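Working notes for the structure below.
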Amino acid sequence: MHKKLIVGNLKMNPLTPTEFGRYLDGLEKDMKGKRFEKTEIVVCPPAVYFRQFVERKMKDVKLGAQDVYWEYQGAFTGEISAGMMKANGAQYSIVGHSERRKYFGENEEIINLKLKAILKSGLNAILCIGESGEERKSNQTAPVLKKQLEKSLAGIGVGKSEYITIAYEPIWAVGTDKIPSSDEVLEAKIIIKKILTELYSRKAVEKMRILYGGSVKSHCAGQVCVDPAMDGALIGRESLTPYDFIKIAKIIDEK
Ligand code: PGA
């Protein structure tokens, strides 16, 4: 069985290297003496802090990127390629986060290009999908997830599937403190598994992890992650405080 995966997405935080240093101090302190037998822990800070992260040589916390650009190298001002993320210590990259879709106009075609670049560079991908509140209300969750998965994964063969983790993040739950019921998460997971099985194979899908993300806190990690037997969590706000982040990781690891 694969390990569970807990991912902290720090987004555009913290503001300074000094603050990030304090964050890492907290992470080291809160990880001390804790063993995560069944869980991988990944933190995705802004890329400007990668070196600082790597220099800590933390044994049990891996580094991830929040996004990549799909081209390999060249005149693309302001962008960072997947290969550069990898060469600077990342092992994972998030792709298709709802904030990228909303504020930066990313669509499935762009996400597909980025996903291919991530896999080609040797990084593991965390592909975010999820329906909006409107789509859920009008019973569109299944077709939306299907379209997102089919288009994002187009042209990516079964041989790469084990390097892809799906993060089910209902858009209405990201950053809002609204959360779905265990049954709603389980239902989405079943839909996702069915679509992936159609795209790949049952055997391949067994190796793919499906996470839940959107307002995960320690008091609701049971409801949204443990009860629906998710393979882990993608955590935004609560990952900004190492104590809370590790507390959630422990709850998920111990189940
Ligand atoms: P949140 O963010 O935990 O703050 O809701 C989740 C995410 O953006 O992945």
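For this structure, a couple of remarks:
- Here the chain is treated with +1 on each Lys and Arg Cβ and -1 on each Asp and Glu Cβ, and its dipole about the Cα centre works out to around 620 debye.
- Under 12 Å, Cβ to Cβ, from Gly122 - net charge with Lys/Arg +1 and Asp/Glu -1: +3
- Net charge, Tyr163 excluded, C-beta distance under 11 Å - Lys, Arg +1, Asp, Glu -1: +3
- For Thr176 and Lys102, the difference between the fully extended length at 0.36 nm per residue and the C-alpha to C-alpha distance is 25.1 nm.
- The packing ranking, built from the mean of other Cβ atoms within 10 Å per residue, places the peptides 79-90, 200-211, 113-124 in the order 113-124, 79-90, 200-211, highest first.
- Spacing of the two label points (7 Å from each Cα toward its C-beta) at Lys207 and Arg35, in nm: 2.8
- Applying the criteria of a DSSP loop state and at most 10 other Cβ atoms within 10 Å to the GluC sites (Glu not before Pro) of the stretch 13-71 yields Glu37.
- Springs join every pair of Cα atoms under 10 Å in this Gaussian network model of the chain, and among Gly21, Gly130, Gly232 the largest mean-square fluctuation is at Gly21.
- Just the protein heavy atoms count here, and of the accessible area of the stretch 4-253 at 1.4 Å, carbon and sulfur take up 53 percent.
- Across the chain, the mean sequence separation of Cα contacts (distance under 8 Å, 6 or more residues apart), normalised by length, yields a relative contact order of 22 percent.
- Looking at the chain, the accessible area is 49 square angstrom per residue; that uses a 1.4 Å probe and ignores ligands, DNA and RNA.
- Candidates Lys102, Lys38, Lys193, ranked by Gaussian network fluctuation over the chain, Cα under 10 Å, top entry: Lys102
- Summing charges over neighbours of Ser181, with a neighbour being any other residue whose Cβ is under 10 Å away from its Cβ, gives -4 when K and R count +1 and D and E count -1.
- Contour minus Cα-Cα distance for Glu55 and Met1 (0.36 nm per residue): 16.3 nm
The values are calculated or read from the model by the stated rules, or taken from the named source; none is laboratory data. Remember, predicted model here, so these are calculated numbers, not experimental data. As a convention, Cβ positions derive from the backbone with ideal geometry for all residues, glycine included, and neighbour counts pool all protein chains shown. Just so you know, the surface numbers come from the protein's heavy atoms only, side chains and all, with ligands and any DNA or RNA stripped out. Shrake-Rupley method; radii C 1.70, N 1.55, O 1.52, S 1.80 Å.
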